[in-house]
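Colleague: My questions will all concern the structure given below.
The values are calculated or read from the model by the stated rules, or taken from the named source; none is laboratory data. Quantities reported herein were computed from a predicted structural model and do not represent experimental measurements. Reconstructed Cβ throughout: ideal geometry from the backbone, glycine too, with neighbour counts over all protein chains shown.
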Amino acid sequence: MAPETPYLIRAKDLVELPEVPFHHPLNPNSEIHMRALGDLAGLQRLGLHLGRVPPGKESFIYHFHHFEEEFVYIIAGRGRAEIGDAIYEVGPGDVMLFPTRVVGHHLTNPFAEDLVYLMGGERHDVEIGEFPRHGKRAVFERGHDPYIVDVSSTRPFLKGEE
């Protein structure tokens with residue numbers, strides 16, 4: 001059944017939205033199931049998803065963003081948030097806010113119930129995700145497939161040099 005309007009998603013309709021699984025290519029224990037909310041209303045500058053991490057799984061990988069700010073709001077279940085070098089247990093009502101290039105972060109679910117949260121952030125035409133523990137970066141450009149580069153293989157681009 002279609003929603004009354006794309007600008008209002010009722011709680012009863014959330015469970016009917018398709019849940020898309022994602023596995024981060026650099027983390028074999030990554031398993032997150034996402035429902036795209038922002039796309040329903042045609043949001044262009046804000047990405048908004050309902051995420052669910054099953055027991056024993058992890059969201060993505062320890063990372064930070066170069067240009068896009070990000071937030072996470074825990075709705076149900078419990079998890080462990082790795083923020084910088086510290087680990088915190090998180091649960092319903094907890095909010096995590098991540099400015100750009102400040103601190104790496106990651107969510108895991110070592111508990112017996114699903115970890116469910118609302119996550120969102122900016123949607124720039126170009127974004128770089130940094131995976132500092134792996135020495136890699138992901139480059140995202142709207143309309144193109146993202147790609148991963150080894151930081152060690154990059155070199156400065158200076159005018160006049162080839």
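Colleague: Which residue is farthest from Val116 (Cα to Cα), if the candidates are limited to the range 1-23 and must be of a type in the set (A, V, I, L, M, F, W, C) and in a strand (DSSP E or B)?
Modeller: Out of the qualifying residues, it is Leu8.
Colleague: Please state which of the following conditions Leu26 fails to meet, knowing it meets all the rest: (1) in contact with a Lys or Arg (Cβ under 7 Å, 6 or more places away or on another chain); (2) in contact (Cβ under 8 Å) with a residue 60 or more places away in the chain; (3) not in a loop (DSSP other than H, G, I, E, B).
Modeller: All conditions are met except number (3).
Colleague: Moving on. Is at least one residue of the range 85-102 modelled with pLDDT under 95 and of a type in the set (A, V, I, L, M)?
Modeller: Yes, the range 85-102 contains a residue that is modelled with pLDDT under 95 and of a type in the set (A, V, I, L, M).
Colleague: Can you name the residue in the range 132-161 that is of a type in the set (Asp, Glu) and either assigned to a strand (DSSP E or B) or in contact with a helix residue (DSSP H, G or I) (Cβ under 9 Å, 6 or more places away or on another chain) (or both) and, of all such residues, is surrounded by the fewest Cβ atoms within 10 Å (Cβ to Cβ)?
Modeller: Selected residue: Asp150.
Colleague: Now a separate question. Would you pick out the residues in the range 108-131 that are within 30 Å of Gly77 (Cα to Cα), part of a loop (DSSP other than H, G, I, E, B) and within 16 Å of the chain's Cα centre (by Cα)?
Modeller: Asn109, Arg123
Colleague: A follow-up question, please. Suppose we keep only residues that are surrounded by 13 or more Cβ atoms within 10 Å (Cβ to Cβ) and assigned to a loop (DSSP other than H, G, I, E, B) within the range 30-50. Which one would you say is modelled with the highest pLDDT?
Modeller: Glu31
Colleague: Suppose we keep only residues that are surrounded by 19 or more Cβ atoms within 10 Å (Cβ to Cβ) and not basic (Lys, Arg) within the range 51-61. Which one would you say is farthest from Leu115 (Cα to Cα)?
Modeller: Among those that are surrounded by 19 or more Cβ atoms within 10 Å (Cβ to Cβ) and not basic (Lys, Arg), it is Ile61.
Colleague: When the residues of the range 63-102 are narrowed to those that are of a type in the set (Phe, Trp, Tyr) and surrounded by 18 or more Cβ atoms within 10 Å (Cβ to Cβ), which ends up nearest to Pro21 (Cα to Cα)?
Modeller: It comes out as Phe64.
Colleague: Related question: How many residues does the range 1-20 hold that are modelled with pLDDT of 95 or more and touching an Asp or Glu at 6+ places or on another chain (Cβ under 7 Å)?
Modeller: Here the count works out to 0.
Colleague: If the Cβ limit is 7 Å and pairs must be 6+ apart or interchain, which residue in the range 96-118 that is more than 15 Å from Glu58 (Cβ to Cβ) and charged (D, E, K, R) pairs with which residue that is surrounded by fewer than 16 Cβ atoms within 10 Å (Cβ to Cβ) and at pLDDT 95 or above?
Modeller: Close Cβ pairs (under 7 Å, with a partner that is surrounded by fewer than 16 Cβ atoms within 10 Å (Cβ to Cβ) and at pLDDT 95 or above) amount to Arg101/His66; Glu113/Pro55.
Colleague: Considering only residues of the range 45-89 that are in contact (Cβ under 8 Å) with a residue 12 or more places away in the chain and acidic (Asp, Glu), which is nearest to His106 (Cα to Cα)?
Modeller: In this case the residue turns out to be Glu82.
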